[in-house]
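Comments concern the structure below.
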Amino acid sequence: MLSDGAAGSLCELRMSVVPVRDSERLMNRVARAVRQIRGAVACLGILVGCDAREPESRGREEPLGGVNTDSWQLREGGKVDVASNGFRCIVSIQESEAGHVVCRLDEGPPFVHALSQAPRQREPMLNKGSWLVLVFAPASVADMDSVASALAVVCQRSGAVELGLRPFLAYDETKSWYGDFGSPESPLWIAIKEGKVLTTRKGVLKKEQMNELLGVLLDERPDG
């Protein structure tokens, strides 16, 4: 049902179409009537049902990470193959029967580690030594490209820094081992030294930016 204002505008428009000769006045009345009709329709939609989503999605919690945790789709191939500084790294991403992400290191040096998705607590090994942990979304092409970039840059340091690759589907998965993910941007780069988080970065990084993170871990330069 239209509001009194919208109905009145329709009547005013209908009665004034013939006698009004000024085209500008007529167009103004038409525009005003359309705006009121649209407002009435919007209000009617809110009253009929506030949930405008499709019926099959109603009542289901939206994933915090913006990735569909029920049926996430892996980047085509699900494998990263990198050769750098004499090292070869092959990382594959798979889906478990329970729908979780499994990161596996098929080939690589001992300083590259495939970490589990959403652990209950931080792994003890992350509290020793210097670590660059990359938290990435397997459904994101940019995040998967960042996995390859991180492998290449860390291999250039020949084991001076440990690299941990952790897949995620929802942003709240980091609470148990790191803390709040913060703004919804991925991947998340975390520099950890002797269990202490020194600095973090988000998004796709250039080679120079990744080397800056490694420099922080190796005391090569202060974090700016």
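Summary table
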{"read-out": "Among the candidates Glu220, Glu208, Glu162, residue that is in contact with a helix residue (DSSP H, G or I) (Cβ under 9 Å, 6 or more places away or on another chain), free of Cβ contacts under 8 Å to residues at least 60 places away in the same chain and farther than 27 Å from Gln94 by Cα", "value": "Glu220"}
{"read-out": "Selection count where residues are in a helix (DSSP H, G or I) and under 16 Å from the mean Cα position of the chain (by Cα), scope the range 124-173", "value": "10"}
{"read-out": "Residues that are under 25 Å from Arg104 (Cβ atoms) and touching a residue at least 60 places away in the same chain (Cβ under 8 Å), drawn from the range 187-202", "value": "Ala191, Ile192"}
{"read-out": "Which numbered condition Ala160 misses (of (1) at pLDDT below 95; (2) touching a Leu at 6+ places or on another chain (Cβ under 8 Å); (3) not β-branched (Val, Ile, Thr))", "value": "(1)"}
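The values are calculated or read from the model by the stated rules, or taken from the named source; none is laboratory data. Since the structure is predicted, the reported quantities are computational estimates derived from the model, not experimental observations. Quick reminder, even Gly has a Cβ in these numbers, built from the backbone with ideal geometry, and neighbours come from all protein chains shown.
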